[in-house]
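The next block holds one structure in the form of structure tokens; read it before the comments.
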Amino acid sequence: MRKPRDFDAELKSLEDKARDLKVRKVQQLGELVISTGADALSADELAGALIVLAETKDVGKREAWAKRGAAFFQSRSRRTVSASERDAGGVAAQPGGPQPASSGASTS
């Protein structure tokens, strides 16, 4: 005879997973804001910039932003890979990484 399923326990487990995913998403967004240097902006400035980004329909601008974002993440992954070599070459790579990304937040 089969054991009956505990739907309440399964539902609770799914709700816990969904909550954990939401928490992780918020944490990652916060980390992104900090790593791009956008934490230097006020909450109003950051919200305004994000609204402009979300409202932009210009495909060319969106593609340019996507390329810039991809380059930012690629430079971060290279820095993470070379973290063990921080004394040798990581110091030169770090100052150049976040600065271009933070200057892009002011363009629209």
Starting with the highest mean, order 5-14, 42-51, 68-77 by the number of other Cβ atoms within 10 Å, averaged over the residues of each peptide.
68-77, 42-51, 5-14
Just to be sure I understand the model, the point goes 7 Å from the Cα along the line to the Cβ. What's the resulting ALA64 to GLN28 distance in nm?
2.7
Rank by packing, highest mean first: peptides 55-64, 29-38, with packing defined as the count of other Cβ atoms within 10 Å averaged across residues.
29-38, 55-64
For ALA18, net neighbour charge (Lys/Arg +1, Asp/Glu -1) across residues whose Cβ lies under 12 Å away:
+3
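Taken together, the values in this text are just the output of simple stated rules run on the coordinates, not laboratory data. Just so it is clear, the model here is predicted, and its values are computed rather than measured. Positions of Cβ are backbone-derived with ideal geometry, glycine not excepted, and every protein chain shown enters the neighbour counts.
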